[in-house]
1. What's the longest piece of chain B with no exposed GluC sites (Glu not before Pro), counting a site as exposed if DSSP puts it in a loop and it has at most 13 other beta carbons within 10 Å?
2. Please give me, ordered by residue number, the chymotrypsin sites (Phe, Trp or Tyr not before Pro) of region B:9-91 that lie in loop per DSSP and have at most 16 other Cβ atoms within 10 Å.
3. Please give me, ordered by residue number, the trypsin sites (Lys or Arg not before Pro) of region A:521-575 that lie in loop per DSSP and have at most 15 other Cβ atoms within 10 Å.
4. Taking Cα centroids, how far is region A:366-382 from region B:158-195 in Å?
5. List the residues, sorted by chain then number, that are 5 or more residues from A:Trp538 or on another chain and whose placed amide H is less than 5 Å from its amide H.
6. Taking only the alpha carbons of region A:144-289, what extent do you get along each of the three principal axes, in Å, biggest first?
7. Residues of region B:103-120 with amide nitrogen under 19 Å from the 7 Å Cα-to-Cβ point of B:Arg209?
8. Sort A:Val64, A:Val81 so that the residue with the fewest other Cβ atoms within 10 Å of its own Cβ comes first and the one with the most comes last.
Amino acid sequence: MKSANQIPQSNVKNFLEKMPTLFKWVSFLSVLLLPVIAMAAGAETKAMSVEYRDVPGIGSRNLVWIVAQQHLLLAGFVLGVPIFGWVCELVGWKTKEARYDKLAKEFTKLLTSAYATTALFGGILLFLLIGLYPKLMAYLTDMFFPSFLVYCLLFLAETATLYMYWYGWDYMQGNKKAFHLFLGFLLNLFAIGIMIVPNSWATFQASPVVVGDGDAWTRAWMAMQNPTWWPVNIHRLIANVVLGGFIVGAYAGIRYLLAVSREEREHYDWMGYVGNFIGVFGMLPLPFAGYWLMREVYQYNQQMGITLMGGFLAWLFILQAMLIGVLFLGANYYFWMGITYRIPGSENSYKKPIMAMLVVLLLCLGVWMTPHTLVASLAEAQKMGGTHHPLLGVFGVMSAKMTVANIMILVTFMSFIMYWRAGKQETAGWAKAAKAIMNGLLAIAAVAVIVLGVWGYFVPAIIRINYFSVAQVLIVGFIMVTFTPLTALLLKSAKTTTEMVWGKMPIRAGYCLVLNAVMVILLMSLMGYARSSSRVHWHIYGVMRDTSEYAFSPALGYAAAFMSLNTFVYCLLVAFIFWVATLGDKAKAQQAKASMSDVPGGTPAMAGGAPSSGEKLESGILENHK
Amino acid sequence: MRGPITSGAILLAGVFVFLKFILPLFTAPLPASLIYLYMTLAFSGIMLYGTMSASSLESLMGPVFRFLSGEGQSGTGKLARLAVLVLFPLLVGWQTYTSLAPSDLPPGENRTIHPAPPGEFVGLANPYQNNEANINMGKGLYAAYCSPCHGANYDGKGPAAKGFNPPPANFADPGTIAQLQESYLFWRIKKGGVGLPVEAMPWKSAMPRWEVELPDEFIWKIIMGEYDGAHQSPRTWEEDD
C-alpha cells in the first residue's frame, strides 16, 4: 500500500485541478481555521468567564459590523439570483427560446462564484462572534442549538444541489431538462430554508418571546416564532430578488460598456433590461413588506418602533426615501431610455407621457423625502414656530408616505406597461374599449389612493393602518393583476410597427444600471444598520444587556461612513467575484475581437454602439473624456 | 422658440421663487434645507428629461459642451467662456469657505420631537374608564393646568404660548398625539421636559414635570380630555382598545 508520500506529484496536481472551485475554497478555509479551533479548545476554561473580547484598533463591534454586512449582502445575492435564474430557465423551457436558457446559465455562473465567498464570510462571522461575544453566543447556542443542526443540513443539501444544478446544466438538456428544473426548484427551497433559519436568530435578538418549558427542539421552535420573524423573512426574500436583479443588471451594464462585438452588445443590453426588470418587479411589493415589518416592530414594542420611526434613527428613513427615490428614478429612466433608443422613431410619441410620469414621480418623491422634523436654523425655526412646518409638516407622517409610495409604484408599473406596448399597434376590435377601461381604472385607482391617504389623517391610527393602508395596497395590486393579463391579451394579436433593436442603448444606460445596484447595496447597508441599532444597548432586547464598552449607538455621520465603507467593500468583492467568474470568457473575447470588422464604423463599440447620426454627440463627449 | 436650457433655467427659477417667496405668503417660510431638497429634485428632473434621448441630449448638453470646449468661439463668446472658467471655481471656493468659516450663528437644529419613551412606560394602559365623567374631569384639569400653553382649543395657542421656543404642541394636528399611544403622553406629562432623552434636547422643553404636582389619576384623565377635546384618537393596536 502506498503512503501519502509515495503518491506521484502529477496525480496530486491532476486531482487539485479537477477539484471543484468551491471545494478548494472550503478546504482552504478549514486549514486556515484549524489554529483558531485549537486555540479555542485550549482556552475553554478561561472562556467561561469571558464576556467580551476586543480587537485592537478597529474594535470588535466595527469588525463584526463589516463582516456581518458583507455576509448578508453576499447571501442576499446568492439567495436572490437562483429565484429568477430558475424562472428564466423555466421560461426558456416553456417557450423553447434558447436565449432564456443561456441567460439563466449566466446567472447561475455568477452564483457559483459568489456562493463560496458567502460561505467564507459566514465562517469568518461565526468565528468572530464566538471569539468576541462568547456570552451572547453561549445564550443563543443554548436557545437555538437544534436549529443550528437544521441549518447545517440545509447547507449541505444546498451545496450538493447547486453542484448538480450547475455542473449538470449542459448534460441535463432535452428530456432531462425537467429534472434539471426540479433541481433548480430544490435549490430555491433549500436557499429559502437557509435564509429563514438564521433570520430567526437575528429576529429573536430584536423581538424575543417568552420561551416555555420543553425539550431543546420545542424551545428552539418557540424562540423561532417571534413576532418579527416572518415579516423579516418576507421582506428579505423580496429584497434579495431586488438586490440580485440590480446586481445582475450592473454586471450586464459593465459587460455592455466593455462589449466589442454586436452580439455581445445585443446580449448584454438584453441582460441589462432583464436585470432592471427583475429589480423593478421586486421593488414594487417591497415597500408593502417593509410597512408590515415596521408595523410588527411597533406593535411588538412601542419604544423600539419610536426609536426607529420617530426617534434618533428616524433620519435614516429620510435617507432611505432618498435612496429609494434614486432607485425609482433610475429604474424608470432606464425604461424610458429603452423606449427612445431601442424603438427607433418612438421618441416623439412618448415625450408627453414620460414627462407626466417624471413630474408625478418627482412630486411623490418630494413628499416622501420631506421630514416630519425639519433641519432649520434658529431664525428659521422661530419663523415656522418650531421645527415642524405648519403646512408641509403633514407630509412627514405615514399617511402621506404610504400614499406617495403607492402612487410611485403605480407610475413605475405603468412605465413598464408603456414599454411593453411601445412599437406595437393593437388590432383587436375590443382594443379601444379595453384601453379606455384601463385608463379609467387607472384614474380611479390613483384618486382612490389619494383620497384614502388624505382621509387617513382624520381617522384613528388603527383604522388607517388596518384598513386604509391595506386598501391602498389592494387597489395598486388590483391594477397590476388586471392590467398585466389584459395587456398580454391585447398584444397577442397586435402587429409590430417598429421592431425593437437591442444593443443601441447609450453609455449612460450602462452607468444607470451600475448606479441602481450601488443604491440598492447602500440601501440594504442603511436598513441593516437601522434594524440592528433599534435594539439600542441590548444584545437581546430587554433580556440580555450589552455591557461591553460599545454599548452606545454611534452618531449618524459615523454610521453613514461605515455604510459607505460596507458598500464600497461589497462592490469590490462583487467586482472581484465577477472578474474571476468571467476569466473563462477571455478566450471568447479574443475571438470576438477578430470579428470587430463587423461593427459599423470599424471602431470598438462603446455602449450604445458605434456612432450613428443621432449619437454623435455622446461619442464626441466620450472622445473628449478619453 | 426657447431651448431646453432656457426652459430648464426658467423652471428652476420658478420653483425657487414659488418656494422662497410665494408659499410664505400663505404659510410659514420654508427652511433652506427643504428648499435645497426640492430644488435638487427639480434639477434632477430637468437633467433626466433632457437626457432621455439622443436628440434631447444634444439640445440640452450640446450647447454646454460646445461652449466649454471653446469650439469656434471668438470675441464675446471667448470672453464669456473665460469668465465662466474663472468664476465657477471661485464660486465653489467661496461656497466652501462660507460653509467652513467659523460663525456666531447657532448650528441648524436637529431635535427629535417624539423620542422613544423609557422602558417602564411602554405598554401602560389607561386604568380609567373612557366615560363622560372622566373625560369631563380631564377637560377641567386640562383647562386648569395645560390650556395656558396648549390653548383652550387644544391647538397649541394658549395665552402663554408665545413665550416659548419651541412652541407648545398642537394636539389638533394629526401629526402629534394621534400618532402616539396614551402611555407615551403619560410619560411626557409625568416627567416633563427634563425627562426627555438627549436627542430630544431636554434643555429646550419648558414642559413642567407634572408628577410633582398631579397624581397619576389626574394625568390619565387629562389624556382622555385632550384626545376628546382635540377630536383625535390615541394610537392603539386593537380596534376594541
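1. On the way: sites that count: B:Glu71, B:Glu213, B:Glu238, B:Glu239.
Value returned for the longest uninterrupted segment is B:72-212.
2. Working: sites: B:Phe16, B:Phe18, B:Phe21, B:Phe26, B:Tyr36, B:Tyr38, B:Phe43, B:Tyr49, B:Phe65, B:Phe67; in loops: B:Phe26.
Passing sites in region B:9-91 are B:Phe26.
3. Values: sites: A:Arg531, A:Arg535, A:Arg545; in loops: A:Arg535.
Listed in order of number, the matching sites amount to none.
4. Taking the Cα centre of region B:158-195 as reference, the centre of region A:366-382 is 19 Å away.
5. A:Asp546
6. For region A:144-289, the Cα spread along each principal axis is 66, 38, 22 Å.
7. It comes to B:115-120, nothing else.
8. On the way: A:Val64 20, A:Val81 26.
Final ranking by Cβ density, sparse to dense: A:Val64, A:Val81.
Read the figures in this text as sums done on the coordinates, not as results from a lab. Note that the coordinates shown come from a computational prediction; the quantities given were computed from them, not determined experimentally. Ideal geometry is used to build each Cβ from the backbone, glycine not excepted, and the neighbour counts take in all protein chains shown.
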